[in-house]
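Here's the structure, in structure tokens; my notes come after.
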Amino acid sequence: MTASHNRIRSVVVVGGGSAGWMAAAALATYLGKQATVRLVESEDIGIVGVGEASVPYMKQFNNGLLGIDEFEFVRRTQGTFKLGIQFNDWGALGETYVHGFGKIGQGIGPLPFHQFWLKLFLAGHARPLGEYSLPTAAAPLGKFMASPANAPPDSPLADIAYAYHFDAALYAGFLRELSERRGVQRIEGKITHAVQRSEDGFIEAVVLESGERVEGDLFIDCSGFRGLLIEQTLQTGYIDWTHWLPCNRAMAVPCASVGPPTPYTRSTALKAGWQWRIPLQSRVGNGYVYSSEHISDDEAASTLLANLDGRALADPRPLRFITGMRRKLWNGNVVALGLASGFMEPLESTSIYLVQSGIQRLLGLFPDRDFDPQLERQFNEESAFEYESTRDFLILHYCATRRSDSAFWDYCRTMSIPDTLRRKIEMFRRGGRYFRTGDEFFALPSWVQVMIGQGIVPAGYHPIVDDMPEQALVEHVARVHRSIASGARAMPTHQDFIDRHCRAQAM
């Protein structure tokens, strides 16, 4: 048993924004009785704040880990609900599909539903896959609801998976209030440098412009792209994945809403990248993620402005990044979270998730002041696996295209891909099979929807399907379709649900 005198007594979070305040809130919630938690940030340093869409894990983090009331969170952040992502023009120009959350249909025995659907689809007797999953059927209709407590267990309404759209700056402010109520001390000031211990290179303190030293046992680096501690001080190193994910810049701009918010994020492939659309209650967030080798910044900005639904509310804001990750996310007594740990473009809304997952992992592997190297090694191995498996899922969207209308898409269509991804695609292409590796975040429904959605249609299906009588197969698939359609019809509109439960004040 670890002696109490050797426990971490002081945690310093470097940087605010949503990443810093998520970390501070979680650490204060679970360590508040044994350690002080301080957060250093400067009002003069802006936050990137483009992450306004999430995945379903955010509900678990907010509600389960932090005890946040869901509807209060949505109101306070001008939030809306998200059933998935609509992808336009990714497989080919004019094609659309939805990557929805939750399960697809109803499997039988050891086989997932899509195997039964495949047999009929290949014979020309099944509807598009998106019509057999409640989120993908309801999202284009503008329908949304959380699962009602009285829903029958066999109803698709009994287990509705969803996430959120929200204003990242408002979320950071919301978490700051929560954190300070739970004992977090905020320190205003710009950090000039860090002081390292001579014996092992660990961070001893960060020094502010005022000369104040902020000492700590454990430092959480949430300083953004610059990685003040993890990179500038410890020189941890960075793994560059630009050869697989060639977009390296973004333009972001909000615009006025022109109608009720859609319960999905929209991603539209353009000639040198893709454009996001994220509807909030007060506005719509937009951005063009692109490759600077294939389009100029000025042209990207003008393209973005020309493709807005409503009036632009600001000038486009440029962002530069290199997709990849630090060689170690935990180095000595520093743990990097958010943009300080790496960058994955927001194609599947994983940025917030990777922060929250990192926080959960740190809590599980929380060290004492001896900083057992095995804990650091385990954290880094799990983090690397999560980043790499997420990377492969993002690459899938680019390589699984049939577009040849620009140099950018020619490159994406023909580039070499990681062996880990190539094996997944080949196995699926032969017989529609996908096997989840370890604890990777994206599960079978996600891989199946994106591969089918972008034209990777298997040549066959699992042989066990042929054991089901033809009529029974037809009836099962039709029954699922009717159930999903009925569930979608029963849902209120997204706007009605918001108005009833979590309408935000006008800004």
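The values are calculated or read from the model by the stated rules, or taken from the named source; none is laboratory data. Since we're looking at a predicted model, the values are computed, not measured. For neighbour counting, all protein chains shown are included, and Cβ atoms are generated from backbone atoms with ideal geometry for every residue, glycine included.
Selection within region 1-22: residues that are among the aliphatic types (A, V, I, L, M) and modelled with pLDDT of 95 or more. The member of this set that is surrounded by the fewest Cβ atoms within 10 Å (Cβ to Cβ) is ILE8.
When the residues of region 101-122 are narrowed to those that are among the aliphatic types (A, V, I, L, M) and farther than 14 Å from MET468 by Cβ, which ends up surrounded by the most Cβ atoms within 10 Å (Cβ to Cβ)?
Going residue by residue through region 101-122, those that are among the aliphatic types (A, V, I, L, M) are 104, 108, 111, 118, 120, 122.
Within this subset, residues satisfying the condition of being farther than 14 Å from MET468 by Cβ are 104, 122.
Values: ILE104: 25, LEU122: 15.
The residue in question is ILE104.
Of the residues SER147, SER198, SER210, which single one is part of a loop (DSSP other than H, G, I, E, B), within 30 Å of MET451 (Cβ to Cβ) and not hydrophobic (A, V, I, L, M, F, W, C)? I'd like the intermediate steps shown before the answer.
On the way: SER198 fails: within 30 Å of MET451 (Cβ to Cβ); SER210 fails: within 30 Å of MET451 (Cβ to Cβ).
Residue meeting the stated conditions: SER147.
When ALA137, ALA151, ALA126, ALA163 are checked against the criterion of being surrounded by 15 or more Cβ atoms within 10 Å (Cβ to Cβ) and closer than 30 Å to GLU41 by Cα, ALA163 stands alone in meeting it.
Is it true that LYS59 is closer than 27 Å to ARG361 by Cβ, charged (D, E, K, R) and buried (at least 20 other Cβ atoms within 10 Å of the Cβ)? Against the criterion (closer than 27 Å to ARG361 by Cβ, charged (D, E, K, R) and buried (at least 20 other Cβ atoms within 10 Å of the Cβ)), LYS59 does not qualify.
Do we have any residue at all in region 99-110 that's touching a Leu at 6+ places or on another chain (Cβ under 9 Å) and part of a helix (DSSP H, G or I)? So far as region 99-110 goes, no, none of its residues is touching a Leu at 6+ places or on another chain (Cβ under 9 Å) and part of a helix (DSSP H, G or I).
Restricting to region 206-252, and then to whatever is among the basic types (Lys, Arg) and within 30 Å of ALA314 (Cβ to Cβ), can you tell me which residue is surrounded by the most Cβ atoms within 10 Å (Cβ to Cβ)? Break it down into steps so the answer makes sense when it comes.
Of the residues in region 206-252, the ones among the basic types (Lys, Arg) are 213, 226, 249.
So of that shortlist, the ones also within 30 Å of ALA314 (Cβ to Cβ) come out as 226, 249.
Details: ARG226: 14, ARG249: 19.
The selected residue is ARG249.
Just checking, how many residues over region 213-262 are more than 23 Å from SER296 (Cβ to Cβ), assigned to a loop (DSSP other than H, G, I, E, B) and of a type in the set (Val, Ile, Thr)? Residues in region 213-262 being more than 23 Å from SER296 (Cβ to Cβ), assigned to a loop (DSSP other than H, G, I, E, B) and of a type in the set (Val, Ile, Thr): 3 in total.
Residues being surrounded by 16 or more Cβ atoms within 10 Å (Cβ to Cβ), farther than 25 Å from ALA92 by Cα and of a type outside the set (Val, Ile, Thr) are entirely absent from region 296-306. The set of residues from region 433-451 being modelled with pLDDT of 90 or more, under 22 Å from PRO463 (Cα atoms) and in contact with a Leu (Cβ under 8 Å, 6 or more places away or on another chain) comprises TYR434, TRP447, VAL448, GLN449, MET451. Any residue in region 64-89 that's among the aliphatic types (A, V, I, L, M): show its pairings with residues that are part of a loop (DSSP other than H, G, I, E, B) at Cβ separation under 6 Å, as long as the two are six or more apart or on different chains. Cβ pairs passing all conditions: VAL74/CYS502; LEU83/TYR162; LEU83/PRO263; LEU83/TYR264.
So which strands (runs of 3 or more DSSP E) are wholly in region 272-365 and hold at least 3 residues that are in contact (Cβ under 8 Å) with a residue 60 or more places away in the chain, within 15 Å of PHE379 (Cα to Cα) and in the same structural domain as TRP21 (by TED's automatic domain parsing)? Give the steps one after another, and end with the answer.
Working: elements: 273-279, 284-290, 317-320, 324-326, 334-336.
Correct list: 334-336.
If only residues of region 326-353 that are among the hydroxyl-bearing types (Ser, Thr, Tyr) and under 14 Å from the mean Cα position of the chain (by Cα) are counted, the one that is surrounded by the fewest Cβ atoms within 10 Å (Cβ to Cβ) is TYR353.
Within region 23-53, the set of residues being under 16 Å from LEU218 (Cα atoms), at pLDDT 90 or above and not in a strand (DSSP E or B) comprises ALA23, ALA24, ALA25, ALA26, LEU27, ALA28, TYR30, LEU31, GLN34, ALA35.
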